[in-house]
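Quick note: the coordinates plus some simple rules give every number you see, no bench work behind them. Every value quoted in this text rests on a predicted model; they were computed, and no experiment measured them. Quick reminder, even Gly has a Cβ in these numbers, built from the backbone with ideal geometry, and neighbours come from all protein chains shown.
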Amino acid sequence: MTDRDPILAGQPDAPVAEVPKPSHRLRWFSLGVVVLGLAVVGGVAWKQVKPVVDARRYSSVTQTVPSAPHLTPQGEESLYRIDPTASSLTYDIDETFVGRKASTATGSTSGIAGDLAVNGADLSASRVGDIVVNVEQFHSDNNLRDARIRQDFLSSHRFPLATFSVDDITGLAGTLTEGKTYTFTMTGDVTLKDTTAPATWKVTAKVQDGRLVATATTTAKLSRFKAGPISIAGLVH
C-alpha cells in the first residue's frame with residue numbers, strides 16, 4: 001500500500017503543463033501603443049498651446065481713446081458725447097471644457113467714442129453718429145486669452161478699431177421727458193477687421209440730471225467678420 005489515493009495508485013503522475021513565457025512581441029506592441037498615444041496627445045496639446053505661447057507678444061496694448069466723427073447739433077437737438085470714463089463695450093462668450101459649457105468669459109473695453117444728437121421735441125428725428133471702439137483694448141480675467149484673441153481672431157494689432165454706423169432708429173417717438181426710460185431699436189452696419197455686416201441693437205435709454213444713460217445689446221456671430229468661432233486650448237469657444 002502506498003499513501004496515494006487508491007484511485008490514482010499505480011498511475012504515472014500527469015505531466016505538468018509548461019507555463020508559456022510572456023510574449024515579448026505583445027509587450028513591445030503594448031508599449032508602442034502607449035508611446036503612440038502619448039505622441040498624439042502631445043501633438044494635439046502643442047498644437048493648441050503653441051499659438052498661446054506665440055501670442056505673448058500681444059499681451060500689452062496702448063490705452064488710448066479712439067476718435068469718432070463729431071456731430072453738430074441742429075434745431076431742437078442736444079448734443080451728447082460718449083464719456084469713456086463711464087462707458088464700455090462688453091462681450092460675453094461661453095467657455096467650454098471637453099465639449100461642455102464650463103462658464104462665461106467676459107471682456108470689456110473703455111476705448112469708445114461717438115456723438116448722439118437727441119431731438120427733445122421729436123425723438124424720432126434724433127441722430128446717432130458713428131460709434132468707434134478700440135477692440136485691441138478688450139481685456140478679461142485671463143491675459144493669455146486676451147493676447148490670443150488679439151493675435152489670431154480679431155487681428156486687432158492690424159485692425160484695432162471697430163465702427164458701428166446707424167442707418168435707422170425705430171420705436172423712439174414723442175417728446176423727451178427727464179427720467180423716463182425709452183426702449184427702441186437701432187439698425188446699421190458693424191465694421192470689424194476688414195469686414196462689414198449688418199447688426200441690430202436693442203436699446204434702453206434715459207436722460208437724468210443732464211446725462212444720457214443708455215445700454216445697447218446685440219448678438220453676433222464672429223464668423224461673419226472672419227473672427228470666429230473662437231477656441232483657445234479649452235479656454236473659450
| task | Calculate the spin-label point distance for SER165 paired with SER88, positioning each point 7 Å from the Cα along the beta-carbon direction, and give it in nanometres. | result | 3.0
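Take peptides 124-132, 209-217 and line them up by average Cβ neighbours within 10 Å, highest first, as a rough protection proxy. Spell out each step's value before the answer.
Working: 124-132: 19.2, 209-217: 12.6.
In decreasing order of mean packing, 124-132, 209-217 become 124-132, 209-217.
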| Segment ALA220-THR204, extension gain: residue separation times 0.36 nm, minus the distance between their alpha carbons | 3.9 nm
| query | Each label point is 7 Å from the Cα along the Cα-to-Cβ direction; what then is the distance between the points at SER67 and LYS180, in nm? | reply | 3.8
| Sorted by average packing, counted as other Cβ atoms within 10 angstrom per residue and highest first, what order do 188-194, 159-165, 65-71 take? | 159-165, 188-194, 65-71
